[in-house]
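The values are calculated or read from the model by the stated rules, or taken from the named source; none is laboratory data. Everything numeric here is computed off the predicted structure, so don't read it as measured data. Cβ: placed from backbone, ideal geometry, glycine included. Neighbour counts: every protein chain shown. Accessible surface areas use protein heavy atoms only, side chains included; no ligands, DNA or RNA. Shrake-Rupley method; radii C 1.70, N 1.55, O 1.52, S 1.80 Å.
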Amino acid sequence: CKSGEDAFLSRIARMRYRGMVMQAADDGDQDNAPQPYVWNQNRLPEDPEATKCACGSGISYADCCRPFHTGEVPLLVPSDLVKARYSAYAYAQTGYLIRTTAPSSPDFRKNKQEWAAELLDFCALYKFTTTRGEILGIEVEACR
C-alpha cells in the first residue's frame with residue numbers, strides 16, 4: 001500500500017501524461033513480459049541518427065543504445081547494460097527496464113503494469129540533463 005504522499009505524487013505525475021500513447025509490449029517471454037498494454041511516454045529522440053545518446057557516449061542514439069532497447073543487438077558486457085538502462089530511464093523505456101531487471105532483484109515487481117506506472121513517475125520527475133540542457137550521461141569503468 002502506498003503512503004498518502006506517494007499516492008498523491010503518483011496521481012500528479014500521471015496527470016502529466018496527456019501526451020502518452022498506448023503501446024503493446026510482447027517480447028515472447030510471458031514470465032518477465034510487461035502486461036499486454038503499458039503506458040509509455042514518448043521521450044525518444046525525434047531524430048535518433050542525429051541525437052546523441054542519453055548515456056553520454058557521444059554516439060547517436062541510433063548507433064548506441066537503441067539497438068539494445070529494441071533487442072536488435074544482445075548485451076555482451078555489463079557496462080553496456082548499465083548504459084542502456086540509464087538511457088532507458090532517460091527515454092522512459094519501461095518495457096526494456098522491466099525486461100532487464102532480474103526476478104531476484106528487490107526492484108522486481110510481479111504487477112508489471114503498476115511497475116511501469118511507477119517507472120514513468122520517476123522518469124517524468126527526473127530530467128537526465130544538466131541545468132543547461134546538456135546530456136548528463138553516465139560513466140562506467142569496466143573491470144579489468
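Residues that are at pLDDT 90 or above, farther than 16 Å from Gly95 by Cα and among the acidic types (Asp, Glu) within the stretch 46-79 comprise Asp47, Glu49, Asp63, listed in sequence order.
Quick check, is Arg43 of a type outside the set (A, V, I, L, M, F, W, C) and modelled with pLDDT of 90 or more? In short, no. Applying a threshold of 7 Å to beta carbon distances and a minimum spacing of six or more residues, or different chains, the list of pairs starting in the stretch 54-73 at a residue that is assigned to a strand (DSSP E or B) and ending at one that is open to solvent by less than 60 Å² (accessible area, probe 1.4 Å) reads Ser60/Pro48; Ser60/Thr51; Ser60/Cys53. On the basis of being farther than 18 Å from Glu46 by Cα and without any contact (Cβ under 8 Å) to a residue 24 or more places away in the chain, does Phe108 make the cut? Taking the combined requirement at face value, the residue satisfies it. Of all residues in the stretch 80-95, those satisfying the criterion of being closer than 21 Å to Glu114 by Cβ and either among the aliphatic types (A, V, I, L, M) or assigned to a loop (DSSP other than H, G, I, E, B) (or both) are Ala88, Tyr91, Ala92, Gln93. Looking only at residues in the stretch 63-100 that are more than 11 Å from the chain's Cα centre (by Cα) and among the hydroxyl-bearing types (Ser, Thr, Tyr), the one that is surrounded by the most Cβ atoms within 10 Å (Cβ to Cβ) is Ser79. Candidates in the stretch 109-128 are the residues that are in a loop (DSSP other than H, G, I, E, B) and either at pLDDT 85 or above or surrounded by 14 or more Cβ atoms within 10 Å (Cβ to Cβ) (or both); of these, the one that is nearest to the chain's Cα centre (by Cα) is Phe128.
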